[in-house]
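Beneath this line is the structure, given in structure tokens, with notes to follow.
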Amino acid sequence: MNVLLLKSKMLLNGDENFVNALAKVLDVTRQTAAAKLNESSEFTQSEILKISKHYNLTDTEIKEIFCGG
């Protein structure tokens with residue numbers, strides 16, 4: 001996972017507190033959001049969809065962020 005690219009997309013959308021912003025987008029606890037950003041827990045397909053819609057990610061960006069490619 002490319003955490004830096006995800007964080008850069010979040011910053012471009014005005015989300016500077018990554019954990020809080022991700023928790024809100026995914027409707028999860030801050031602890032769960034932090035685990036996902038720290039790569040201790042993987043994103044589900046539905047979570048990836050929520051993130052991609054919220055941050056208007058292209059198919060290429062989705063692949064680069066979540067599939068490493």
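Annotations for the structure displayed:
- Of all residues in segment 10-17, one or more are at positive phi and not in a helix (DSSP H, G or I).
- Of all residues making up segment 10-21, the number that are aliphatic (A, V, I, L, M) and open to solvent by less than 40 Å² (accessible area, probe 1.4 Å): 3
- Pair list, Cβ < 8 Å and 6+ apart or interchain, from segment 26-42 residues that are under 13 Å from L6 (Cα atoms) to residues that are open to solvent by 100 Å² or more (accessible area, probe 1.4 Å): K36/E42
The values are calculated or read from the model by the stated rules, or taken from the named source; none is laboratory data. This one's a predicted model, so the numbers in the text were calculated from it and none came from an experiment. Virtual Cβ from ideal backbone geometry, glycine too; neighbours counted across all protein chains shown. Note: accessible area is taken over every heavy atom of the protein model, side chains too, but ligands, DNA and RNA are not part of it. Shrake-Rupley method; radii C 1.70, N 1.55, O 1.52, S 1.80 Å.
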